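Student: Dumping the structure here so I can ask a few things about it.
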Amino acid sequence: MSKIKIVQIGVGHDHADVIFKSLRKQTDLFEVMGHVVLPGEEVMYNDRIKAYEGTPSLTVEEALSIPGLDAAAIETDDWNLVKYAQMAADAGLHVTMDKPGSEDPADFERMLSTVKAHGKVFAIEYMYRYNPAVREALELARSGKLGELYAVEAQMNCDLALEKRDWLGHFKGGMTFYLGCHLADLIVRFMGVPEAIIPFNKPTGIDGVTATEFGMAVFQYKNGCSFLKTCGAEVGGFPRRQLVVAGSRGTIEIKPLEMNTSTTCVSTLESERILYRREGTKRLSWRNRGEYRRFADFDRYDDMMRDFAEKVARGPSTDEELAYEAMIHRVVLAACGIECDFRGEIRL
């Protein structure tokens, strides 16, 4: 596989620098051609400049005009993601974009249509898709070992700085738009498209913050309910990030979903707990704590960028893949309280 010539447009997203580091170190897959600092991103850039040292700083026009350029990684502030992804798609590039997209499904789907028209690849950076415990849980669920699934509970909390909590006011849904999108993606991967979505998004009022920093949404299904919950003002919230998948024959609990190690990009899973009802309908003992699994440290970004490279080598994104991303985007917006036909037909 020949190396993918790639640029990064934008440095304002929270994970922009570590995405860039991942691209730079995977020299067997990528040839990094430079980066673009957009207006308003200077402070973020100066704080993380080491990640970009030794690579050209370009304008958008210069970046998109590089001869033989294959792809662009869009890592702007959230409100600019689709704008610059559209520009990259118009230029006929493969696109990897941080989450979750715009607050307008029409803009997001127009960009996907452009990617499709050029026969290119689109990837969105939902990192938990590459979490080894989540992958194992999906395999167990799809194999039928958990029986009939009836609920998924997903939480992603943190204790953000005051400035970041105010920043959430840029979006309707606040934390649900910012981090709850990861959880909506997880719920749908296990349970499918819900019949209804009921949003519960409110400011906590802590420290006078008026942005919606407490997010919750209930996903209704024919055989139960699932929910996401995300809070930006929760003391000790990070180690309480968790996923629970409940079925008629077994339950999986992953808690925490990840914890950072001394290397900023590397995460470790404390444990995964699996409980099975092994024989017919016989109940487990109250003392049965299930089977515990430990996982080796992993880099949440390396697998994600490697997957993007493999998709580029394989060929264009399929209609099904693009329609799935459009549907997830609509689901996220509905969870934020934005009126959206997430069960409707998607035409790209």
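Student: Of the residues Ala151, Ala137, Ala133, Ala196, which is farther than 20 Å from Arg330 by Cβ, of a type in the set (Gly, Ala, Ser) and either more than 18 Å from the chain's Cα centre (by Cα) or surrounded by fewer than 17 Cβ atoms within 10 Å (Cβ to Cβ) (or both)?
Tutor: Just a single option satisfies the conditions, and that option is Ala151.
Student: Going by the structure shown, is Lys145 surrounded by fewer than 23 Cβ atoms within 10 Å (Cβ to Cβ) and at pLDDT 95 or above?
Tutor: For Lys145, the condition - surrounded by fewer than 23 Cβ atoms within 10 Å (Cβ to Cβ) and at pLDDT 95 or above - is not met.
Student: Among (1) among the small types (Gly, Ala, Ser); (2) out of contact with any strand residue (DSSP E or B) (no Cβ under 6 Å at 6 or more places or on another chain); (3) surrounded by 16 or more Cβ atoms within 10 Å (Cβ to Cβ), where does Ser248 come up short?
Tutor: Failed condition: (3).
Student: Oh, and also: In the stretch 3-12, how many are surrounded by fewer than 23 Cβ atoms within 10 Å (Cβ to Cβ), assigned to a loop (DSSP other than H, G, I, E, B) and either touching a strand residue (DSSP E or B) at 6+ places or on another chain (Cβ under 9 Å) or among the aromatic types (Phe, Trp, Tyr) (or both)?
Tutor: 1
Student: Which residue pairs have Cβ atoms under 9 Å apart, sit 6 or more places apart or on different chains, and have a first residue in the stretch 1-21 that is among the aromatic types (Phe, Trp, Tyr) and a second that is part of a loop (DSSP other than H, G, I, E, B) and modelled with pLDDT under 95?
Tutor: Partner pairs satisfying both residue conditions: Phe20/Arg48.
Student: If we scan the stretch 221-240, do we find a residue that is of a type in the set (Asp, Glu), crowded, with 17+ Cβ neighbours inside 10 Å and farther than 26 Å from Leu138 by Cβ?
Tutor: yes
Student: So, of the residues in the stretch 24-50 that are of a type in the set (Asp, Glu) and modelled with pLDDT of 95 or more, which turns out to be farthest from Trp79 (Cα to Cα)?
Tutor: Asp28
The values are calculated or read from the model by the stated rules, or taken from the named source; none is laboratory data. Keep in mind that what you see is a predicted model, and the values were worked out from it rather than measured. FYI the Cβ positions are ideal-geometry reconstructions off the backbone, even for glycines, and counts take in every protein chain you see.
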